[in-house]
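Any read-out appearing in this document is the output of simple, stated calculations on the displayed coordinates, not a laboratory observation. All values derive from a computational prediction rather than experimental measurement. So basically every Cβ, Gly included, is an ideal-geometry build from the backbone, and we count neighbours across all protein chains shown.
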Amino acid sequence: MKLRPESLKKYVLSRFVSYDPSIVLQADVGVDAAAIKVCDEVLVGVHPDPISGAIKHLGTLSIVIPANDVAMIGAYPKFFTSVILLPENSDEELVDIITSSMRRALSRYGALMVGGHTEFTDSVKRPITITTAFGHTKNEQLSGC
């Protein structure tokens, strides 16, 4: 369940507004990804996404959903980091299923997993991934600003 737009603005977005000139596009209601200027013409689109309800396609969705959000602002999704949280009673076979489907999804984009974290924890009842997509674009190709 997501926060209502009014609550999102009041408790989240208003507390993290950035006036840094390198922030070209920042999150807002309906705008999930951000764009950061890293040099004169290159922008990096960034977006994290948690996936918690889809065990069967968890690995694939953990790549496709944040990649889509980065692509929606005009950036090409290229690099990813992911956190995989698994219930303590899970086994390594589940890790294999999730990461192999992530790998297949990454290969469709020609993208790379460049970092992350995986753990078994008593804090979750079912597997959760939180994946961040990083994309690149030129200034004139950015949409949503």
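Please determine, in degrees from 0 to 90 and to the nearest 10, the orientation of helix 58-72 with respect to the longest principal axis defined by the Cα atoms of the chain, where the helix direction is its Cα long axis.
10 degrees
Roughly how many Å is it from the Cα centre of the range 18-77 to that of the range 102-121, as a whole number?
Spelled out, the Cα-based centre of one part sits 15 Å from the other.
Would you mind calculating the gained length between Glu119 and His57 on full extension (0.36 nm times residue separation, minus the Cα-Cα distance), in nm to one decimal? Could the numbers behind the result be given before it?
On the way: separation 62, 0.36 × 62 = 22.32 nm, distance 1.90 nm.
Going from the current span to full extension adds 20.4 nm.
Which GluC sites (Glu not before Pro) in the range 1-109 sit in a loop by DSSP (not H, G, I, E or B) and have at most 11 other Cβ atoms within 10 Å of their own Cβ?
Within the range 1-109, the qualifying GluC sites (Glu not before Pro) (loop, at most 11 other Cβ atoms within 10 Å) are Glu41, Glu88.
So how strong a dipole does the chain carry about its Cα centre when Lys and Arg Cβ are +1 and Asp and Glu Cβ are -1, to the nearest 20 debye?
Values: 14 positive and 16 negative charges, 80 e Å.
Dipole magnitude for the chain comes out near 380 debye.
Near the amide H of Gly116, under 5 Å away, which other amide H atoms are found, from residues 5 or more places off or on another chain, if H is placed in the peptide plane?
The list, which skips near neighbours in sequence, is Ser82.
Using 0.36 nm times the number of residues separating Cys39 and Ser107, minus their current alpha carbon distance, what extension gain do you get? Please report the intermediate quantities before stating the final value.
On the way: separation 68, 0.36 × 68 = 24.48 nm, distance 2.75 nm.
Once the chain is fully extended between Cys39 and Ser107, it gains 21.7 nm.
Using only the Cα atoms of the range 6-54, build the gyration tensor, take square roots of its eigenvalues as a ≥ b ≥ c, and label the shape rounded, prolate or oblate: rounded if a/c is under 1.5, else prolate if a/b is larger than b/c, else oblate.
On the way: a/c = 3.23, a/b = 1.37, b/c = 2.35.
Cα axes put the range 6-54 in the oblate bin.
Compare the peptides 108-120, 47-59 by average per-residue count of other Cβ atoms within 10 angstrom and give them in order, highest first.
Values: 108-120: 13.2, 47-59: 16.9.
With the highest mean Cβ count within 10 Å placed first, the list reads 47-59, 108-120.
In degrees between 0 and 90, to the nearest 10, how far off the longest principal axis of the chain does helix 92-109 point, with axes built from Cα atoms?
Once rounded, the angle reads 30 degrees.
What is the local net charge at Pro127, summed over the other residues whose Cβ is closer than 14 Å to its Cβ (Lys, Arg +1; Asp, Glu -1)? Working shown, then result.
Details: positive: Lys56, Lys125, Arg126; negative: Glu88, Asp91, Glu92, Glu93, Asp96, Glu119, Asp122.
Counting the neighbours of Pro127, the net charge comes to -4.
Could you work out the Kirkwood radius for the range 38-141, taking every pair of different alpha carbons, averaging 1/r and inverting it, reported in Å?
Working: mean 1/r = 0.0715 Å⁻¹.
Hydrodynamic radius (Kirkwood, Cα only) of the range 38-141 equals 14.0 Å.
Considering only DSSP beta bridges whose two residues both sit in the chain, what percent are antiparallel, to the nearest 5?
On the way: 26 of 35 bridges.
The answer is about 75 percent antiparallel.
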